[in-house]
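Down below is the structure, laid out as structure tokens.
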């Protein structure tokens, strides 16, 4: 009774290897449970001489993408090349040829998901990308099936394992950013060029996909305010900890009065928040729905096998539809039709750290300027003075009540111009 | 383009009300996203005079179950009466009449799921019960879709909000069991007769369902070793905390060497375990798969709207299949065909608390008996002596390395017979 499903795979890097291995390990269990006999029949691999640490019959390899995209026997194309091009072009061609497409490629989906989803719909095939957000965590499937009964009010995610590892190491072992980054690189959690991770671009791609699924709004990564973790100092981590917070790179979006606000940035999370205890390379997504209330999903956001689990889950889902001849479905598709609007960062509570000379009257001056801009101070604290470039200085920390970021920045500009401070070293949102 | 789906609902208690409300709130969003126009057209309600705190047109009510089970217009029957009978009978009749069935009834599914699933299959309709385990948390859907690519090695759940609330209150505020229970009753987290919750029966029903889905084994609630929380003392909670543990009522199962082990009981969980920080009425399920590794789902395991979210999610899932005329599917169905065997509790680390008279030589005697039974002691600690019934006594706490429960019990029987102790007050598994 088993139905043969033939899969062609583009690329055999980490995720490709994990997908292949997950299928090797679990093929028989999947066949028993679903009646599906899934086989990866061809793999685009332009460097077959490289040892992948996994036993793949050499005759599955091809260097010619058309042998996969144009093979009428292949039902599903799995794109695991990464990067926007040529991945997008290959996916578009596969969809046009009537093949369903599965990908783990957040950059390509964030950039071209709308176009690819329309192409899938036109060709009555499926486009799935569970692995593109939070690795093995089944967040997209849940949002588009069991949780579809909700209107979502917010989503908050720790979506990048590299930065979460670095921040955890800084916070738990007092390591500097540089030490923690080096450590992450040695452990394989960070790449040689860590820019996409540490600057928040990777998280912004994932947030863009989540915003589209949850709110039905187009917020391409370029319009999402994105700040990485490179400016987070050990100072900030210590102060945050004293105030009962942990600093996390948070990708978040929420709906209010018909607008969607969101950004990617390091924030101060109260220790009582379930996301505050998500450590090291783990990912988690916290969603709030108007019926289900708060939910959190926690797991491995990267790694060959966990990501492979998500890719293979999508393969099974699509294969089932093919088997039942109901391949044309709407789940999980991106949406851009909710009538909501993406409006940037919105009003928030903020944490500000500045360096000031040791002199009286400075706090009064700053508070006056804040007051003129309608900014109320919740907490202020001055640290013990220390020497910096031959001058005695101190760190002055503020937590201010809700304010638009633009208003805060213009107040801080005025503070700077008043010449009473040395520098503004950190501005971070405080999550409530 | 909207497809009308007519739903008949049996019962309008808490979950029924939540389901009705969730649909009222989100009907239009669901219609926009899926093209489905879902309507609850009839509700079995034998006491229509009771105010449900929700505005339901009176003409939807019927006191005659056949008006729902035999109405050819109704596509889906939602069973929310609770209890094993007549709920099972009604579900069986609905399935036989070619209607898909959705239920939140863990007791009926744990007792009769096998029979009902077979009936659904025979009649080419669907049986879904996401709401039966962990309320709004989409665990069953995830296990049977996105995570189907895994072989599962274990599942651990905090599946009962009442007991988790009680244990949290005891641990955080030093309340006694009786105080915490009373408090839970006042807040509506515990029923007037709390037996099913505090004795672990509710959690055992849910674990039975999870075991069938995850391992494909029949472990009916009667064969699952089940211990409630009534014997957990404030002593145990304090000692556990000193050792770096938190006590939780855990429903767990794991596979080892072709056998499935599992039970429901209060256990000592290390503070570093993600389940240790699940507090109060929240639920969480922790699963381990051979590809995805560790995953945790956290959310509200009860309450009208969260549970209604899960019921409505199932309604949408089934409605989509009806719309595509592919109603006959295998997800999520119970399985009893994996060839594995349920083998009870298995070997574990244990925590034992006993009361001893203040006298030397007792520890030597107990250790000798333990040794004769092949039981190794990891930690032993004696508390400061105190007076009890005119005698000076002390609490003696052991944590012992992995041992079969039956072996441990026979050793403890020998200790008891040796007459060197006053009583054995607590035996709990230590989770690693």
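The values are calculated or read from the model by the stated rules, or taken from the named source; none is laboratory data. Since we're looking at a predicted model, the values are computed, not measured. So basically every Cβ, Gly included, is an ideal-geometry build from the backbone, and we count neighbours across all protein chains shown.
Worth a mention:
- Within the set A:334, A:340, A:412, the sole residue that is under 30 Å from residue A:75 (Cα atoms) and surrounded by 15 or more Cβ atoms within 10 Å (Cβ to Cβ) turns out to be A:334.
- Of all residues in the range B:280-295 being more than 16 Å from the chain's Cα centre (by Cα) and buried (at least 24 other Cβ atoms within 10 Å of the Cβ), the one that is farthest from the other protein chains (Cβ to nearest Cβ): B:289
- For residue B:298: the one exception among (1) in contact (Cβ under 8 Å) with a residue 40 or more places away in the chain; (2) surrounded by fewer than 24 Cβ atoms within 10 Å (Cβ to Cβ); (3) facing chain A (nearest Cβ under 7 Å): (2)
- Check on residue A:89, closer than 24 Å to residue A:301 by Cα, under 31 Å from the mean Cα position of the chain (by Cα) and away from chain B (no Cβ under 14 Å): no
- When residue A:193 is tested against (1) more than 14 Å from every other protein chain (Cβ to nearest Cβ); (2) part of a helix (DSSP H, G or I); (3) out of contact with any helix residue (DSSP H, G or I) (no Cβ under 7 Å at 6 or more places or on another chain), only condition (2) is not met.
For (1) in a loop (DSSP other than H, G, I, E, B); (2) within 14 Å of chain A (Cβ to nearest Cβ); (3) out of contact with any helix residue (DSSP H, G or I) (no Cβ under 9 Å at 6 or more places or on another chain); (4) free of Cβ contacts under 8 Å to residues at least 24 places away in the same chain, each residue gets a yes or a no:
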position	(1), (2), (3), (4)
B:98	yes, no, yes, no
B:107	no, no, no, no
B:110	no, no, no, no
B:113	no, no, no, no
B:120	no, no, no, no
B:135	yes, yes, no, no
B:143	no, yes, no, no
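- Residue list for the range A:63-83, restricted to those being within 32 Å of the chain's Cα centre (by Cα) and either buried (at least 16 other Cβ atoms within 10 Å of the Cβ) or in a strand (DSSP E or B) (or both): A:65, A:68, A:69, A:74, A:75, A:76, A:77, A:78, A:79, A:80, A:81, A:82
- Check on residue A:317, in contact with a helix residue (DSSP H, G or I) (Cβ under 8 Å, 6 or more places away or on another chain) and at pLDDT 90 or above: yes
- Criterion: at pLDDT below 95 and surrounded by 19 or more Cβ atoms within 10 Å (Cβ to Cβ) - qualifying residue of B:375, B:362: B:362
- Looking only at the range A:30-47, and only at residues there that are assigned to a loop (DSSP other than H, G, I, E, B) and under 31 Å from the mean Cα position of the chain (by Cα), the one that is surrounded by the fewest Cβ atoms within 10 Å (Cβ to Cβ): A:47
- Here the range A:122-133 is the region considered, the condition is being assigned to a loop (DSSP other than H, G, I, E, B) and either within 10 Å of chain B (Cβ to nearest Cβ) or touching a helix residue (DSSP H, G or I) at 6+ places or on another chain (Cβ under 9 Å) (or both), and the residue that is surrounded by the most Cβ atoms within 10 Å (Cβ to Cβ) is A:133.
- Filter result for residue A:5 (under 25 Å from residue A:119 (Cβ atoms) and either in a strand (DSSP E or B) or within 13 Å of chain B (Cβ to nearest Cβ) (or both)): yes
- The lone criterion from (1) in a strand (DSSP E or B); (2) more than 19 Å from residue B:147 (Cβ to Cβ); (3) touching a helix residue (DSSP H, G or I) at 6+ places or on another chain (Cβ under 6 Å) left unmet by residue A:297 is number (2).
- Residue within the range B:84-93 that is touching a strand residue (DSSP E or B) at 6+ places or on another chain (Cβ under 8 Å), under 21 Å from residue B:313 (Cβ atoms) and touching a residue at least 40 places away in the same chain (Cβ under 8 Å) present: yes
- The set of residues from the range B:277-290 being farther than 13 Å from residue A:298 by Cβ and outside any strand (DSSP E or B) comprises B:279, B:280, B:281, B:290.
- Neighbours by Cβ (under 7 Å, 6+ apart or cross-chain): first from the range A:334-348, away from chain B (no Cβ under 12 Å); second surrounded by fewer than 17 Cβ atoms within 10 Å (Cβ to Cβ) and assigned to a loop (DSSP other than H, G, I, E, B): A:344/A:225; A:345/A:225
- Flag not set for residue A:265, criterion: more than 23 Å from residue A:296 (Cα to Cα), in the same structural domain as residue A:164 (by TED's automatic domain parsing) and modelled with pLDDT of 90 or more.
- Considering the range B:246-279, the residues that are out of contact with any helix residue (DSSP H, G or I) (no Cβ under 7 Å at 6 or more places or on another chain) and more than 23 Å from residue B:293 (Cα to Cα) include one that is surrounded by the most Cβ atoms within 10 Å (Cβ to Cβ), namely B:266.
- Any hit, the range B:168-178, residues being more than 28 Å from residue B:398 (Cβ to Cβ) and part of a helix (DSSP H, G or I): no
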